[in-house]
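Structure first, commentary second.
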Amino acid sequence: MLLSKNGVLKICDFGFARLTGNLPDQRFTDYVSTRWYRAPELLVGDANYSRPVDVWAIGCIFVELLTGRPLFTGDTDYETLRQVLQTFFSEDMPEQLKAAYNVNPQFQGAALPLSPELELDHTLEVKLAFLNSNSAISFARECLRLDPRKRPNCEELMAHDYFNDFREWFEDEIQSLIEIDNQEAQQVI
């Protein structure tokens with residue numbers, strides 16, 4: 001992501017971008033993003049994923065923007081998965097993800113890193129309590145659902161209450177900044 005001098009955020013790297021559709025049994029590589037932003041289905045090696053992996057990454061980046069720190073910082077997929085499961089210990093891991101974990105040769109002989117010591121200070125709600133914003137916590141929580149089928153799509157995210165708090169002034173301001181960026185880009189060409 002790039003931030004223009006006028007404060008406009010631009011997505012710039014589509015190195016692992018793939019066209020996706022609703023084709024049954026469509027399979028992809030599980031190496032699609034930096035480990036810290038990988039959805040649980042990627043961490044367990046499930047190659048049958050889709051757009052919800054991007055929604056998970058949005059949630060991770062959103063939390064990082066709010067806190068100034070990455071949410072999950074594991075050095076391995078196993079350690080990152082352990083951190084994810086520790087944060088969302090109250091949510092059942094979907095059977096599809098458990099099955100992918102169990103057949104992944106990378107994890108052979110390693111038990112699923114379910115946190116037996118339910119450390120409440122690791123929950124997302126505790127990590128974001130300083131915000132005093134239920135809508136921001138709710139937005140992050142919606143993006144970061146363990147079950148990819150329960151994550152909202154981007155259109156649903158845009159309708160989330162979090163955006164209603166500043167939608168009116170923000171849309172006008174961002175449109176103005178985008179126009180300035182476009183004018184400056186035309187002058188360079």
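The values are calculated or read from the model by the stated rules, or taken from the named source; none is laboratory data. Quantities reported herein were computed from a predicted structural model and do not represent experimental measurements. Neighbour counts are summed over all protein chains in view; Cβ atoms, including those assigned to glycine, are modelled from backbone coordinates with ideal geometry.
Considering only residues of segment 32-53 that are charged (D, E, K, R) and over 10 Å from the mean Cα position of the chain (by Cα), which is nearest to C154 (Cα to Cα)? Walk me through how you get there before you give the answer.
Filtering segment 32-53 down to residues charged (D, E, K, R) leaves 35, 38, 41, 46, 51.
Restricting the remaining residues to those that are over 10 Å from the mean Cα position of the chain (by Cα) gives 35, 41, 46, 51.
On the way: R35: 22, E41: 18, D46: 22, R51: 9 Å.
The extreme case among them is R51.
Taking segment 156-189 as the search range and keeping residues that are within 16 Å of G59 (Cβ to Cβ), part of a helix (DSSP H, G or I) and not aliphatic (A, V, I, L, M), which one is modelled with the highest pLDDT?
Looking at the filtered set, the residue picked out is E156.
Those residues that are basic (K, R) and either more than 22 Å from A100 (Cβ to Cβ) or out of contact with any Pro (no Cβ under 7 Å at 6 or more places or on another chain) (or both), I need them from segment 126-160; list them, please. Spell out the reasoning first.
Let us first name the residues in segment 126-160 that are basic (K, R), namely 127, 141, 145, 149-151.
Within segment 126-160, K127, R141, R145, R149, K150 qualify.
Pull out all pairs, ordered by first then second residue, where Cβ-Cβ is under 8 Å, the residues are six or more apart or on different chains, the first lies in segment 48-64 and is hydroxyl-bearing (S, T, Y), and the second is in a helix (DSSP H, G or I) and at pLDDT 90 or above.
Y49/E41; Y49/L42; Y49/P148; S50/P148
For segment 83-99, how many residues meet the condition of being under 18 Å from F72 (Cβ atoms) and part of a helix (DSSP H, G or I)?
6
I'd like the full set of residues that are at pLDDT 85 or above and either touching a Gly at 6+ places or on another chain (Cβ under 8 Å) or closer than 14 Å to T76 by Cβ (or both), limited to segment 109-128.
A110
Could you tell me how many of the residues in segment 94-115 are free of Cβ contacts under 8 Å to residues at least 12 places away in the same chain, polar (S, T, N, Q) and more than 23 Å from R151 (Cβ to Cβ)?
Qualifying residue count, segment 94-115: 1.
Exactly one condition in (1) assigned to a helix (DSSP H, G or I); (2) buried (at least 17 other Cβ atoms within 10 Å of the Cβ); (3) at pLDDT 90 or above is not met by R145; state its number.
Answer for R145: the failing condition is (1).
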